[in-house]
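Step one of this worksheet: look at the structure below.
The values are calculated or read from the model by the stated rules, or taken from the named source; none is laboratory data. Because the structure is a prediction, the values reported are computed rather than measured. Positions of Cβ are generated from backbone atoms using ideal geometry, with glycine treated the same way; all protein chains shown enter the neighbour counts.
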Amino acid sequence: MKYKKSIALLLAIILCLSVVPVYGQKYYDDVKDLQKQLEETRKKIELTKAQQAAKQKESKNVSNQIVELDRKLEEAEKSLEIVEGQISELEGKIAITQRELDRATEEAETQKELLNKRVRVMYQNGSSSYLAVLLNATSFSDFISRLDLMRKIINYDVNLLKERKTIRDNIDQKKQQLEYEQQQKEVLKNDLSSKKEEVESVKSQKEQVLKEVYKDLKELERQEDKLLEESAALTKKILQLQSSEDYIGGEMAWPSPGYTKVTSPYGYRTHPILKTKRMHTGVDLAVPSGSNIVAANAGKVILAKYNGGYGNTVIIDHGGKISTLYAHNSKLLVKEGDIVTRGQVIAKSGSTGLSTGPHLHFEVRINGNHTDPIPYITKSKK
Ligand SMILES: [Zn+2]
């Protein structure tokens, strides 16, 4: 055994002495190369990972920006609406003040005529002074009755003069009030135009963000994928929330009354920009911003909120496992749990979420799954 070990050791020494000097350098170079390649690959992987993370972050940023801008727009539109309300309230007040002023002016005219008549009477009687009338008394009882009459006339004249002052004061006050209200209106009008500018500025900011998205095909693809993920999440949600009752019955109403142009149909379609086949889960109807969006049929609102790429969304359950969905609205007029009637206005159209211009994205869902909505609503097309 010891002998064998010694032979092995000897062989090893010979190998080392003879082989290492000849092949050793190349071997080490190869190992070094390999290590270098490994290091480079590792770096590349790390870089790609970092790039992916950055892209994902950027994508999230884009989504967040859209949400943030939609929120800002809603806020700006709300405060614009408040100022518009204040202006119309003030205009009502101004109309009332104007009417009161007109009435006071009319009153002043009537009063002026009365006074003029009094002056004329006194003038025509010649003996224009009260004293003269009294002095012309023919007897004591005549004097007393004249005195009594005089007192009444004097009271009447004094009252006329007092009234005249009250009416004039009233006119002055109404004029001042009117002036103040007109000034207030000017202030509000300035406020209104700055609010309008704010709305326009937010709108163009969003336009810019979406323009960037549509320029970056990868980003657009990510956003479109996200939309499909959201669609699948809504399927789950509908399945949880839909009632087990029978379908409410009847034909569905066209969801955007007066606007029947379909700008993008339902189904697999070649995406106009991505040029790849993608699913469109509903129909897009061209609707100007702020138009009425109505419930296609009676039912219960099971979702009414901002929902990612869908923007402000309403889902109505009509029973029979049939529900309808309305997306991209600027304003929601119903809340979850509301019972709505067929044709009831449930929202105002808009361009919230992943949308480049005002339109209604309308879906019909059977047991939570989207289907072509057109056959359901075509009969009510006006
Ligand atoms: Zn759509």
(Q) If I go through the stretch 247-281 residue by residue, how many of them are among the charged types (D, E, K, R) and modelled with pLDDT of 95 or more? (A) 1
Q) Here are L220, L210: which of them is farther than 27 Å from T341 by Cβ, over 21 Å from the mean Cα position of the chain (by Cα) and part of a helix (DSSP H, G or I)? A) L220
Q.
Here are the criteria: (1) among the hydroxyl-bearing types (S, T, Y); (2) within 16 Å of the ligand (Cβ to nearest atom); (3) out of contact with any His (no Cβ under 6 Å at 6 or more places or on another chain). Tell me which single one T281 does not satisfy.
A. (3)
(Q) Out of everything in the stretch 128-157 that is part of a loop (DSSP other than H, G, I, E, B) and either touching a helix residue (DSSP H, G or I) at 6+ places or on another chain (Cβ under 6 Å) or closer than 30 Å to R168 by Cβ (or both), what residue ends up being modelled with the highest pLDDT? (A) A137
Q. Looking only at residues in the stretch 305-332 that are within 22 Å of Y376 (Cα to Cα), more than 14 Å from the ligand (Cβ to nearest atom) and of a type in the set (G, A, S), which one is farthest from the chain's Cα centre (by Cα)?
A. G320
Q: Go through the stretch 228-250 and give me each residue that's acidic (D, E), surrounded by 13 or more Cβ atoms within 10 Å (Cβ to Cβ) and assigned to a loop (DSSP other than H, G, I, E, B).
A: E245
Q) Of all strands (runs of 3 or more DSSP E) completely enclosed by the stretch 308-382, which ones contain at least 1 residues that are surrounded by 19 or more Cβ atoms within 10 Å (Cβ to Cβ), of a type outside the set (S, T, Y) and not assigned by TED's automatic domain parsing to the domain that holds G250? A) none
